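A short reminder: the numbers here are calculations on the coordinates, not readings from a lab. Keep in mind that this is a model prediction, so the values were computed, not measured. Using ideal geometry, Cβ is built from the backbone for each residue, glycine included, and neighbour counts are taken over all protein chains shown.
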């Protein structure tokens, strides 16, 4: 069994209305120092595999096909644990 | 200016219907090796501050109050860059 994290973030230049709403709420809560907030996804995947290399390739495929929208999002895959 | 990442994840034991839906879709795409998917948030925050210690405290406060729901979510704050 293998654990991986996939970080999905909006590409630079893509507007993030959710992040802007959170920023405004933080200002209302008196956290004036907050200059920018961007919200992405943090996806934890457990895979039945022991080979890091092939798992990484497979996870990149999954990200391209389903986990991220390659038009407006970037992703980064990280293998965190192999049992 | 200081950059921080906040990782918000569902607590263990809390059901994740979104993650289950993604897992099923990955099985349909022939990734049968996927055993579990949990979906959380990855929040990037830019703060006007130079003091790591106080920024970390502030970000933990923000997470408790707004970024995470402490009843069902855990969070982890990480300072990534100080300019």
For the stretch B:44-83 and the stretch A:1-76, what is the separation of their C-alpha centers, rounded to whole Å?
17
Which distances in nm, rounded to one decimal and ordered from shortest, link the label point of residue B:69 to the equivalent label points in the other identical copies, with labels set 7 Å from Cα toward Cβ?
2.3
With respect to the symmetry axis carrying chain B onto chain A, which residue of chain B exhibits the smallest Cβ distance to that axis, and what is the value in whole Å?
B:42, 2
Do the sum for chain B: with -39,500 (n - 2.57) for every DSSP H run of n ≥ 4, divided by all residues, what is the mean residue ellipticity at 222 nm, to the nearest 500 deg cm²/dmol?
-8500 deg cm²/dmol
One decimal, nm, nearest first: from residue B:80 to the same residue in each other copy, label points 7 Å out along Cα→Cβ, the values are 1.5
Inter-chain shielding metric for B:55-63, i.e. average beta-carbon neighbours from other chains within 10 angstrom, reads 2
For residue A:57, place a label point 7 Å out from Cα along the Cα→Cβ vector, do the same in each other copy, and report the separations in nm, one decimal, smallest first.
5.1
Counting pairwise Cα distances across the protein assembly as shown, what percent come out greater than 22 angstrom?
47
Here the alpha-carbon Rg of the stretch A:11-55 over 2.2 N^0.38 Å rounds to 1.85
Which one, B:71, B:14, B:28, has the greatest fluctuation when you compute a Gaussian network model over chain B with C-alpha springs under 10 angstrom?
B:28
Using only atoms on other chains, find how many Cβ atoms lie within 10 Å of each Cβ of peptide B:7-18 and report the average.
1
Chain B: translational diffusion in µm²/s, Stokes-Einstein, Kirkwood Rh over Cα pairs, 20 °C, 1.002 mPa s
149
